[in-house]
Amino acid sequence: MSRSADPNSTPAKANIVIIGAGLIGVSTAYYLTRNQNIHPESSITLVEEVNVGTGSSGYSSGLLNKHEFGDGQEEEGESSNLNQELSNGGFQLHQQLSKEYQGDSNWGHREIDLYDVEIIDQTAKLNSNSTSPSSALSSSSSTSDPLSFLPTISSTSVRRKGDSSSTGYCQPSKLTRHLCGLFLSHPGATLLIAKAISITTSSGVGSDEKVTHDEAGKGTAFSSSSKADGNETDGSLTSSTNKTSTKRVTGVKVTRVVNGVEEIVNIPTDKLILSPGIKLSQLLKTILGGIETNIDVDVRKYERITIKPREKINPCCVVCGVLTDNNNNGQTRNERVDDREIEMIVKEDGNLIISRPSPSSSPSPSPLNRSEDLDLQSFISNLSPKFQPSNGALVLSQTEWSSPMTPNRRPLIQKIEEIDGIWIGVGGTTTQGPAIGKKLAFSVSGI
Ligand SMILES: Cc1cc2nc3c(=O)[nH]c(=O)nc-3n(C[C@H](O)[C@H](O)[C@H](O)COP(=O)(O)OP(=O)(O)OC[C@H]3O[C@@H](n4cnc5c(N)ncnc54)[C@H](O)[C@@H]3O)c2cc1C
């Protein structure tokens, strides 16, 4: 499909396919249906292998933080600028969506205070040995101190990091499903529960050659002789090099099970958006038929526990930086490492969600000794007696889940250069999700 440069011309009809119905894929679908530059009779098909909002979006604690990558005052590189722009924009979109569609009742959207605290690994352990849980429990019942439920934390390490104008939380899986419902009210919208396994492509304008890539990634070799479709630009996004692709996506093959029988369906496609979360590398290998890309996405594991303390705690969010002894040339210093931050969210119903990167999945070898990491339940029991089962705290769930880990923690929002008509949207945070979706929709619509 080509696009005219004249902004007054009618946009052409397109078949748009999005793979992955997590927060990014669904936000993209939603903003595409709101985009004036999409022909009203275009079809937009959302393909999801498992269920809407059940990937990382189903496990996110849902912390929304406008300043999660700084407030823009710091002098940092391009990656932090993009992150700041997306977090700031995403936070505002969360607020707008909530206002427009009663996010407070539909997906638990709330504004809330955020505190930053620092804890020392060893101290947490020592405190657990020296503090009597019941005495700490009674001494922590002051209501004036919002963090009185964390008696092991020194008040000097507590810093207020955000208030209702910059921090909040939501239930990301419910938000994702709600946006999906809004998307499906568009006449051209379809949700297909199916697994994308391959694509078909044609070689440039004027060629009717078809190349199909099978799931094992043994695709037919591409022809490089045809001229590429030069009409396509990628809106506000750039691909990482100036290489010009000579082939264009024409279809997506998916497998789905109907009445117990697996069938393969081919969906005609002019524009394809890949938002499969942690499965990006696997999917690219499959659909690009072995073509190498310079797209680099790793996977990071997280642990998450949800508990219900016996006594209700006032809602708030706490980011805990863990200080660990680092012995450098004989000098021992406490260092805070970003990849060990622990997030706690106390929700209105009194449930507390705590998540942290799994100690075993540091993306790069850390100079810090992690061998003494405690399992999450013991670790949080040491933080507060209110979190201990012996004091009536109920463990509601304990899970381990993964999230995409991109270079510099910068979300990848780009057009791929190997085949025309394919965009990628992965990485980022729940705060950024709607902004990533809106940016992708803008790019795909070509405004
Ligand atoms: C434990 C945890 C806590 C987190 N906490 C926070 C937080 O507090 N605040 C914050 O801002 N961020 C947080 N995050 C990050 C946040 O979850 C992610 O930024 C966001 O949810 C990612 O959404 P997504 O759409 O990219 O991926 P996903 O939600 O994983 O969606 C991808 C979807 O693609 C589907 N899919 C994959 N391959 C195929 C295929 N071949 N065919 C069809 N479908 C396919 C999958 O089934 C999945 O549903 C957390 C993440 C984790 C894991």
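Taken together, the values in this text are just the output of simple stated rules run on the coordinates, not laboratory data. Predicted model, so just to flag it, every value in this text is computed and none were measured. Methodologically, a virtual Cβ is constructed for each residue, glycine included, from the backbone with ideal geometry; neighbour enumeration extends over all protein chains shown.
Under a Cβ-only charge scheme (Lys and Arg +1, Asp and Glu -1), can you give me the dipole magnitude of the stretch 283-325 about the Cα centre, in debye to the nearest 20?
420 debye
Taking the number of other C-beta atoms within 10 Å as the exposure measure, put ASP296, ASP113 in order starting with the fewest. List each step's numbers first, then the result.
On the way: ASP296 10, ASP113 18.
The most exposed by this proxy come first: ASP296, ASP113.
Quick one: if you stick a label point 7 Å off each Cα along the C-beta vector at SER378 and VAL257, how many nm between them?
4.0 nm
With r as the distance between the Cβ atoms of VAL50 and ARG159 and R0 = 56 Å, compute the FRET efficiency 1/(1 + (r/R0)^6) and round to 0.05.
0.90
If you stretched the chain out fully between ALA12 and ASN81, how much longer would it get, using 0.36 nm times the residue separation minus the C-alpha to C-alpha distance? Kindly include the intermediate steps, with their values, before the conclusion.
On the way: separation 69, 0.36 × 69 = 24.84 nm, distance 3.39 nm.
Full-extension gain reported as 21.4 nm.
Starting from the 7 Å offset along Cα-to-Cβ, what nm value, one decimal, do you get for the label separation of GLN92 and GLU335?
Here the modelled spin labels are 3.8 nm apart.
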